[in-house]
Each structure stands twice: as C-alpha cells, then as structure tokens.
C-alpha cells in the first residue's frame with residue numbers, strides 16, 4: 001500500500017466525489033500532482049497508515065467543504081481534516097499548507113470544521129468548477145519562492161513613481177466621498193465566470209430561500225488581468241453639494257471613454273461607484289473588482305473653469321503610478337478627457353493609436369452649457385424613482401440637444417430614457433409603442449452623428465428587439481459588441497438577446513463577460529440568470545439569481561423564482577412569492593405554484609389579482625404562461641394570438657421561454673412562432 005507522495009491532498013465527503021473530481025481534473029490538467037482517493041475500501045490499518053503518510057508529506061491540503069461535511073455518518077474525511085489541522089501546529093506557515101474550498105453556500109461561521117480552517121480565507125468553487133485563476137494560485141503556493149500565502153500577481157500597472165499609498169487609512173479624497181450605496185458582497189469571483197461554464201453541478205440551495213449572507217460570496221483569487229482599471233467617483237471639491245452631478249458625471253464620462261479603448265479592461269460604473277460613501281483602502285477596492293490599477297481624483301468647478309486632479313495607483317504594489325492637476329476652461333473638458341485617458345493609458349503601458357484616440361471623444365460636445373444639461377439628464381436617469389424623474393431627464397437631454405444638435409451622446413441618453421419609460425412606466429399599448437418609436441428615432445440620429453459609437457448601436461438594437469424586428473436587432477447588437485466590447489451593458493443585453501434567438505453559447509459567454517466587468521451590480525447577474533433559464537440550464541440559473549439577490553435582496557428582475565419553480569421547489573417558491581406581495585409578478589408566480597400544489601381556488605384568485613393590476617388586460621404573454629402551466633393549452637394560445645396582434649414586446653422570448661414548453665407541439669403555436677420570423 002505504498003505510493004509516492006503527491007503535491008496536493010484532496011479531502012472530501014463521498015457525497016462530494018463528483019465536485020472533487022472536477023477540482024482534481026483541473027489541477028492535474030495544470031500539471032499538479034494530486035492525491036485523490038477514490039477507493040471504496042476505506043478504513044483499516046494499511047489505509048490509515050497511507051493517508052497519514054500522504055498528509056504528512058504533501059505540500060498542500062485541500063479540504064472540500066459542503067453541506068455534506070456536516071453529516072455524521074462518514075468519519076474518514078473528518079479524520080483527514082484533523083490530521084491536517086494537527087500538522088499545522090508544527091508549521092511556521094500554515095497558510096501555505098491549508099487551502100479550504102467550499103463547493104456550495106455553506107457559511108464560514110458555524111460550519112463544523114477544525115478551528116484552524118476558520119483562521120483562513122475560504123475559496124468558493126461552486127459545484128467544483130475550477131477556474132484557471134485557482135490553478136495558478138495553487139501553482140504559486142507550490143513554488144519554492146512561495147513558502148507562505150500566494151503572492152500577488154505580477155504588477156498590472158507600472159510603478160514609475162515610487163510614492164507609496166498608505167492603505168491603512170483613506171486619503172482625503174476618499175474621506176470626502178458622500179454617503180451612498182453600500183457594497184453587500186465581495187464579487188471578485190466574477191473574474192473567472194468568463195473562462196469556464198459557470199457551474200456544472202451547483203449547490204441544491206434554493207435561490208428563493210436567500211439564506212446565504214454577503215460574506216458567503218468570496219473571491220477565488222486576486223488575479224487582475226493586464227491593463228485592468230477601476231475609476232472611482234471623483235470628489236466634488238466645489239463646496240456646493242448641488243455640484244455633485246457635475247463631478248460624478250465627468251467621472252462617468254471619463255470611465256466610458258476609457259472603456260472604449262480595446263486594450264483596457266475597465267470596471268463598469270455601478271461597481272466602481274459602489275464604494276461611494278465608504279472608506280476602503282485601494283487594495284480592498286482592487287480585490288473586490290479584480291483590477292490592477294485604480295484611478296481617483298477630484299473636481300473643482302467655478303463659473304467658467306474646472307480644475308481636475310487625478311492620480312493613478314498600482315493596486316498590487318500600493319504605489320502611485322502617475323498624478324496630475326489640470327486647470328481648463330469648461331469648453332475644453334472633452335479634450336481634457338482625451339489628455340487624461342492618454343496619460344492613464346501611457347502609465348498602463350497602452351498606446352492610444354489612430355482611431356483609438358478618437359474613440360475617447362466620440363459623441364461628445366465642446367459646448368459647456370450642453371455638457372451641463374447632459375450631465376443633469378444623466379443624473380436624473382441614473383437616480384430615478386418614478387416616471388416624473390424620467391421626464392426630468394428627457395427635458396435635460398432635450399436642452400442639451402437644443403444647445404448642440406450634433407451631441408450624439410445626448411441623443412443616446414434621451415433614447416435610453418424613452419426606452420425605460422416605455423418598458424416600465426407607460427400603460428396602454430398605443431402609448432407604449434409611440435414611446436418606443438421615439439427611442440428608436442433618437443438612436444438612429446445618434447448613429448448618424450457618430451457611426452462608431454457602440455452605445456448608440458446598443459440603444460437602437462434594444463429598440464428593434466422590443467419592436468420584434470429580430471433580424472435588424474441582431475445586426476445592431478453585433479455592431480455594438482464589435483465597437484464596445486468593454487461595455488458591460490452591451491455584453492449583458494447582447495447575451496440575453498442571443499440566447500432568446502437560440503445562440504446559446506455566444507449569449508451565455510457575453511452574459512458572463514458582463515458579470516466580470518460589473519461584479520458588484522445585481523443587474524448582470526439577473527440577465528445571466530434569465531439567459532440561463534432560457535438556455536434550460538436551471539441549476540446554474542439558481543446560482544446566478546442567488547448572486548443577484550445577495551447583492552440586492554430587493555432587486556426586481558423579472559421571474560427570479562422561475563429556476564426554482566421549474567426544478568420543482570414549489571414550497572420554496574410559494575414562500576418567496578408570498579413574502580413579496582408588492583410585486584405584480586408574485587401573483588403570476590403564485591397562480592402557477594398554487595396550481596402545482598393543488599390549490600385551484602387560490603390559483604384563480606391570484607390570476608384575478610394580476611389582471612386587476614393590469615387595467616388594460618393586455619398582458620397576454622403572461623396570461624399565456626399561466627394557462628400553459630395550468631394545462632389549458634387552447635386558452636394559452638388564444639392569449640398569444642392576441643399578443644401577436646398588438647406586437648407585444650414580451651413575445652421576444654417565445655422561442656425559448658420554458659414556461660411555454662407545453663405549447664410547442666401545437667400547430668397554432670408553431671404558426672405564431674413562424675409569424676415572428678425568428679432567425680434560424
């Protein structure tokens with residue numbers, strides 16, 4: 001029973017063998033020797049002696065932790081854990097030996113593991129899916145130069161100016177940040193979502209139970225891609241709180257400009273701005289966003305001039321890379337964006353050549369009053385709570401367009417606002433359709449003014465998609481993706497669209513990319529969850545929607561209960577939907593789940609409530625979903641035919657909607673699908 005010692009000892013409960021096998025396979029594929037005992041004949045002196053020798057001689061011990069670890073009917077892996085914990089007592093660097101891995105939502109607190117395990121950071125590998133970043137981390141830990149914890153990856157930014165940043169206390173700029181949204185979860189785990197299928201065998205934990213705390217969403221490893229950067233909101237130093245829209249708006253414009261540079265990976269606005277009001281050090285921000293550099297600054301505005309101070313910090317070393325203060329006329333702000341972008345790109349060893357430099361100023365304005373109106377509109381859209389806020393945004397964008405009729409970004413902003421207004425606030429199909437037409441007209445004007453503006457092609461694609469013009473929408477989404485691959489909204493919207501058209505692999509890859517670019521925003525997780533539902537990857541969808549709810553338990557993305565419903569977790573779905581009576585979708589949910597639970601009177605009552613909340617009674621696709629799930633196929637198709645007559649926007653998903661699966665063999669349903677002219 002003797003065998004050579006291995007670099008890594010993988011310890012797991014027998015119920016977790018499949019997930020452990022995935023981890024083992026990934027490590028072995030990376031050239032790492034792994035002890036992975038698959039023997040059914042555990043126990044006995046020979047076996048006991050063998051595992052003792054392996055644990056004593058291995059370089060790394062990886063315990064695989066899950067809900068199965070709490071079971072008391074299997075003690076072998078617990079003996080291994082105890083031996084590993086005991087070994088650390090004689091080691092100077094226990095953190096280089098123990099690497100706890102969790103494959104489900106098991107929280108650290110209260111978990112039944114050796115106390116030594118609680119002293120370490122746990123790595124989350126849901127379902128055993130193992131990203132390349134984790135394999136590289138293990139390689140670093142096994143290298144002779146790494147006797148303690150894994151070292152930071154190679155510098156993502158050049159530390160040309162060796163001025164250290166004190167990370168223990170915030171700089172004056174960060175102390176001045178106003179109170180805003182608190183970050184609820186660490187989401188650097190999103191870095192690896194792009195590189196592998198998300199989760200093959202995820203946890204059985206139901207998304208609707210929402211029991212996992214924010215602390216359960218842990219990073220796998222800090223491994224920022226080359227030339228990755230986060231732009232923090234520049235602090236308003238004007239002495240007037242009413243000027244914050246200006247400093248935040250300028251920051252967002254600079255962030256958007258940098259994201260158009262293909263060689264840079266820029267964290268999206270929602271994630272970068274989520275630290276507003278907090279005082280984390282640069283290292284914490286970088287780890288949560290998985291970026292190698294952070295740009296921060298301040299804005300001081302006077303009547304006709306603006307002073308912008310900016311500094312770029314290498315997030316790995318903590319050193320300043322570059323800093324500069326600019327005093328400019330307000331009319332020179334657009335050129336100043338280019339100047340700062342060039343300085344940042346140069347510091348990150350990226351050259352802006354030819355059209356890359358032109359992209360920075362694309363769609364902008366050199367008229368101060370137009371810029372001011374545009375930034376006011378953007379603030380109103382960004383912070384809206386009700387329809388009147390959207391009307392305020394439209395008024396401001398319209399003023400910007402009046403002052404500069406060639407201001408393409410103002411047309412993009414107004415188009416986006418019309419789209420939000422039509423999608424969420426306007427009642428009645430005629431008025432909704434009219435607003436969508438306005439959104440499309442503004443998008444086309446923006447493209448005419450700036451054909452290379454990816455954001456303009458995105459809003460046009462959205463308009464065409466909502467008009468059920470799938471062929472032209474596909475063309476515009478593809479164009480947006482080509483022009484703005486670093487834009488998280490482009491990736492998430494294209495991803496969802498592609499899946500609804502049947503292009504599953506490309507769609508899910510794009511949706512994952514959006515999560516990488518915007519890891520602290522629940523919206524990309526919601527889009528990814530919806531795409532996974534439509535791709536019939538229900539268990540993966542449960543995990544995606546769960547992450548959205550961890551970031552924001554009240555995030556109102558549609559049908560977040562659908563994955564659990566399809567998986568048959570009816571009681572969990574019932575409890576979740578009953579707890580959120582303020583959402584109209586809860587009535588749709590309960591109408592379906594009460595039917596599955598045999599509560600026929602209650603199902604009818606919930607559908608009636610939903611119809612009462614829709615005075616026009618024209619939400620035909622949702623009625624069709626309910627009737628299809630009830631088994632009333634004729635009535636369901638009647639509703640879809642009514643929806644087709646008014647070109648209802650919700651017919652977008654008819655080709656892939658799993659709630660409509662009971663109808664797919666019906667000739668009338670197939671006729672509707674042909675009429676919608678989905679691409680092959």
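How large is the translational diffusion coefficient of the range 529-582 in µm² per second when you combine the Kirkwood radius over alpha carbon pairs with Stokes-Einstein at 10 °C and 1.306 mPa s? Result for D is 142 µm²/s.
Measuring r between the beta carbons of residue 118 and residue 580 and using R0 = 25 Å, the FRET efficiency lands at 0.10.
The simple Förster model, with R0 at 35 Å and r as the Cβ-Cβ distance, assigns residue 675 and residue 21 a FRET efficiency of 0.15. As a ratio to 2.2 N^0.38 Å, the alpha-carbon radius of gyration computed for the range 229-335 takes the value 1.05.
Spin-label pair residue 665-residue 385: with each label point 7 Å from Cα along the Cα-Cβ axis, the two points sit 5.2 nm from one another.
Using the Cβ-Cβ distance between residue 571 and residue 33 with R0 = 30 Å, the FRET efficiency computed as 1/(1 + (r/R0)^6) comes to roughly 0.05.
Residue-normalised convex hull volume from the C-alpha trace of the range 477-558: 73 Å³ per residue. Label-to-label distance for residue 437 and residue 79 is 7.8 nm, based on points extended 7 Å past Cα in the beta-carbon direction. Ranked by the mean number of other Cβ atoms within 10 Å of their residues, highest first, the peptides 533-546, 502-515, 405-418, 49-62 fall in the order 405-418, 533-546, 502-515, 49-62. In terms of packing, defined here as the mean over residues of other Cβ atoms within 10 angstrom, the peptides 621-634, 658-671, 22-35 line up highest first as 621-634, 22-35, 658-671.
Using bins of 10 Å that start at zero, the share of Cα-Cα pairs per bin across the range 228-275 amounts to 28, 49, 20, 3, in whole %. A simple spin-label model places pseudo-atoms 7 Å from Cα toward Cβ; at residue 49 and residue 599 they are separated by 6.2 nm. Highest mean packing first, where packing is the average number of other Cβ atoms within 10 Å per residue, the peptides 561-568, 328-335 line up as 561-568, 328-335.
Read-outs throughout are calculated quantities, based only on the coordinates presented, and are distinct from any laboratory measurement. Everything quoted here is computed from the prediction, not taken from an experiment. Please note: Cβ atoms are built from the backbone with ideal geometry, for glycine as well, and neighbour counts cover all protein chains shown.
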